[in-house]
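Down below is the structure, laid out as structure tokens.
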Amino acid sequence: MTDIVVHLALLLVFPPLLLGVINKTKARWAGRVGAPFFQPYYDILKLLRKGMVLSTTTTWVFRAAPIITLSSVLAAGVLVPFGNSPAPVAFTGDFLLFAYLFGLARFFTTSAALDTGSAFEGMGAAREVTFAALTEPAMFFAFLVLAKLSGSLSLGGMLHSGGASAYPAGSVAPLVLTVLGLFIVLLAENSRIPVDDPATHLELTMIHEVMVLDHSGPLFGIIEYSSALKLFVMGSVLLGVATPWFSWNGWLDWPVFISGMLGLAVVVGTIESIMARLRMPRVPSLLIAAILLCGSAFVMLVR
Amino acid sequence: MNDVLNALFVLILTLNLFALGNGRILSVIRIVAAQGVLLGILPLLMHEHLTFPEVLSSAAAISLKGIVIPGIMAKALRDAQMKREVEPLVGLLPSTIIGALVTALAFLVFSRVDPASRSDASLIIPTSITTVLAGFILLTTRFKALSQVLGYLVLENGIYIFSLLLVEAIPLVVEMGILLDLLVSVFIVSIITNHINRAFSSLDTRRLASLKE
């Protein structure tokens, strides 16, 4: 019971801190002091208190999209085990629901972008769905690998939560490939730097930022919050795959999990600092590389 | 130990794909250097008990493949004032996909071949075949002389992985001889590259096909 409470509390409170850590890491790499760790919280609270401007061409889709995105990402977060404790909700095949909850969120985000009737946002929506079509196979290959390794069809079993035994011997090679592939998927899905630049509003480069350009005030705050939430949820899946060995008991798990997530945020921030964003035509190559990585992990297992 | 070995093999395979998919020659040099360093670490993990000469040969391999050869090539690249492979015969993305297909095929076909001498190395043969073929793709589809040298280096890396099967049997002298050959050939090709660049103001090897009076 306490595990479920801690899980939900982490899910609701923790995500913006990840963004704060990423921004702080980037600032440190650039030799700046940077915004405080809790800046994303202040930003979101500020946005929630503001007024809202709605274009007259928009319909209910525009207003519903952020809320549907937030709720589907939250639902996905309930399905994922954090660290070593089991997820609050788990059933056979829940990884399909997990993947397509993100699909639902994406569908409504892009619909809202198209709803504004702006060519600019339509372009962003087109890019988003193009790249999503490439990240999805990579994600499913990764899930196939995990299912094959663990013999379970539920996220909890795949990520070995709840004191299940470790992966069988000889599974390190496919796991390394899967982690690499999933990391690329994480960067692409959360519009981090080699794929998209979350900091800029330059029309040539942006994917996610351009789609939410017309949202303002509380709706924009919800969008910011749910993108932080998405980073957190996908990061916890990656962490579950990358660290199958940590299996302490009791309360020590939570600090370990939290420090793992903070470490992941530092890695993402470091990558953003040392890499340039890829040119748009090169992005599919990176995503196809992710598919190939996860796919060859699967081939290694079934051969 | 076995797990670490397998992880290293997988990283080598991944580096193959990235070498095939990268258009900037400097990045490919770095990738091949990283692969060389990983290869130098492999024999240290495979020996049952380490002796001083083995550590020495490993250190020599790491410093040659990781520092000296990439250094020479980076210098040749700087002298040639050229950044990327402009138009390879097969595009970057298609060659990455071919590389991945080759990887899958090698794993499907060569998993049946059992390296009888070692039980801990089921990945050796597929990895070496894949690396050789990746080097072959680089060699045949790129036109810049430096890219072809990189292909040759990847190919050699693949053969080196294969020789790990005989890691207890190959004498130190042979390994050192191979390393020296490699260094000399890269050295010569870098000088040749410089000359080609001066004579044709380009590194495109296709220009070398026609005779000129």
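The values are calculated or read from the model by the stated rules, or taken from the named source; none is laboratory data. Here the structure is a predicted model, which is why all the values come from computation and not from measurement. Glycine also receives a Cβ, built like all others from the backbone with ideal geometry; neighbour counts cover every protein chain displayed. For the accessible areas, the whole protein counts, side chains as well, though only heavy atoms, and no ligand, DNA or RNA atoms are used. Shrake-Rupley method; radii C 1.70, N 1.55, O 1.52, S 1.80 Å.
Between A:Val33, A:Val179, A:Val73, the Gaussian network model of chain A with springs among Cα atoms under 10 angstrom shows the greatest mean-square fluctuation at A:Val33. For the range B:26-86, the list of GluC sites (Glu not before Pro) that fall in a loop by DSSP and count at most 11 other C-beta atoms within 10 angstrom reads B:Glu48. Plainly put, chain B has a radius of gyration that is 0.99 times its Kirkwood radius, both from alpha-carbon atoms, as the Rg/Rh ratio. Keeping the other protein chains in place, figure out the carbon and sulfur percent of the accessible area of chain A, with a 1.4 Å probe. That share works out to 70 percent. What is chain A's relative contact order, in percent, from Cα pairs under 8 angstrom and six or more apart in sequence? Normalised by residue count, the contact order of chain A is 30 percent. Residues of the range B:7-25 that bury at least 40 Å² of accessible area once all protein chains are present, compared with their chain alone (1.4 Å probe, heavy atoms only, ligands and nucleic acids left out), are B:Val10, B:Thr14, B:Phe18.
Pairs of Lys residues in chain B are counted when their Cα atoms are under 16 angstrom apart and they lie 8 or more places apart or on different chains; the count is 4. Using only C-alpha atoms and all pairs of different ones, pull out the Kirkwood radius for the range A:47-184 in Å with one decimal. So the Kirkwood estimate lands at 17.1 Å.
Between the Cα long axis of helix A:283-302 and the first principal axis of chain A there is an angle of about 20°, rounded to the nearest 10. Interface A-B: total buried accessible area of about 1600 Å², 1.4 Å probe, protein heavy atoms only. Return one number: the angle in degrees, 0 to 90 and rounded to the nearest 10, between the long axis of the Cα atoms of helix A:172-189 and the longest principal axis of the Cα atoms of chain A. So the inclination is approximately 10 degrees.
Peptide A:175-188 shows a mean partner chain C-beta count of 2 within 10 Å per residue C-beta. Between 0 and 90 degrees, the angle of helix A:2-13 with respect to the longest Cα principal axis of chain A falls at about 30 degrees. Solvent-accessible surface of protein heavy atoms, probed at 1.4 angstrom with all chains present, puts A:His7, B:His195, B:His47 in the order B:His195, B:His47, A:His7, largest first. When all protein chains stay in place and ligands, DNA and RNA are ignored, the 1.4 Å accessible-area order of A:Arg49, A:Arg63, B:Arg30, A:Arg106, largest first, is A:Arg49, B:Arg30, A:Arg63, A:Arg106. Solvent-accessible area per residue in the range A:2-302 equals 41 Å², computed with a 1.4 angstrom probe and all protein chains kept.
For the range A:260-287, a drop of 40 Å² or more in accessible area on going from the chain alone to the assembled protein chains (1.4 Å probe) is found at A:Arg282. The trypsin sites (Lys or Arg not before Pro) of the range B:131-213 meeting both criteria, a DSSP state outside H, G, I, E and B (loop) and at most 12 other C-beta atoms within 10 angstrom of the site's C-beta, are B:Lys212. Rounded to the nearest 10 square angstrom, A:Asp43 shows an accessible area of 50 square angstrom against a 1.4 Å probe.
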